[in-house]
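The values are calculated or read from the model by the stated rules, or taken from the named source; none is laboratory data. Because the structure is predicted, anything quoted here is derived from the model rather than measured. Please note: Cβ atoms are built from the backbone with ideal geometry, for glycine as well, and neighbour counts cover all protein chains shown.
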Amino acid sequence: MRRRATAILLLAITVLPAGIQARTPADIASPELVVDGKVLIKRIQLKGETLFPQYGVTEAFLNARLKAAYANMDPWMSVADMHRLADTLAQAYQEQGLTFNQVFVVPDAIDNHTLTINVLPGRISEINIRAPLKIAPIKVKYHHRIK
């Protein structure tokens, strides 16, 4: 998978393939970049399994969602603002049927005004079915990504 970047207003989104490291420990935002508990964010980078075209989750779809969310935000973001962006993406995945995908940010992982938002695909690893007392409980283990 190749690296892709799409510009949206003053914001650029980069989708990194799973397993590619976006930063090193030396890249963590230094305290002098923080003003009143906020950091200037110029780019957003998505990391992990981000695209699911079979469900309509394409780069254009994600860009549109982030553009709409970012348009009403100050580019100087607090940790809460960063989490709001992640929540916007989580909701977008859920609306497309990817209910168990997890989207999260690591606020101290800001490099050169770039916020990395991580996406983990949802998986169900165990299902427990409880039945009436007359029937023995059933425990099912199944390792497969829900589509």
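List pairs: first in segment 96-115 and on the phi > 0 side of the Ramachandran plot, second buried (at least 16 other Cβ atoms within 10 Å of the Cβ), Cβ under 7 Å, 6+ apart or cross-chain? Going by the 7 Å Cβ cut-off, the qualifying pairs are H113/I41; H113/R43. Taken over segment 70-100, the criterion of being more than 12 Å from the chain's Cα centre (by Cα) and under 21 Å from N112 (Cα atoms) is satisfied by Y70, A71, M73, D74, P75, W76, M77, S78, V79, A80, D81.
Residues are listed down the side, and each one gets a yes or a no for (1) assigned to a loop (DSSP other than H, G, I, E, B); (2) out of contact with any Ser or Thr (no Cβ under 8 Å at 6 or more places or on another chain):
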position	(1), (2)
Q54	no, yes
R65	no, no
Y70	no, yes
M73	yes, yes
A80	no, yes
H83	no, yes
G97	yes, yes
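Per-residue answers, yes or no, for (1) surrounded by fewer than 16 Cβ atoms within 10 Å (Cβ to Cβ); (2) modelled with pLDDT under 90:
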{"position": "P53", "(1), (2)": "yes, no"}
{"position": "T88", "(1), (2)": "no, no"}
{"position": "A92", "(1), (2)": "no, no"}
{"position": "D111", "(1), (2)": "no, yes"}
{"position": "I117", "(1), (2)": "no, no"}
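Residue-wise test of (1) under 19 Å from N112 (Cα atoms); (2) surrounded by fewer than 18 Cβ atoms within 10 Å (Cβ to Cβ); (3) modelled with pLDDT of 50 or more.
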position: I13; (1), (2), (3): yes, no, no
position: A18; (1), (2), (3): no, yes, no
position: A22; (1), (2), (3): yes, yes, no
position: P31; (1), (2), (3): yes, yes, yes
position: K42; (1), (2), (3): yes, yes, yes
position: K47; (1), (2), (3): yes, no, yes
position: T50; (1), (2), (3): no, no, yes
position: G56; (1), (2), (3): no, yes, yes
position: K67; (1), (2), (3): no, yes, yes
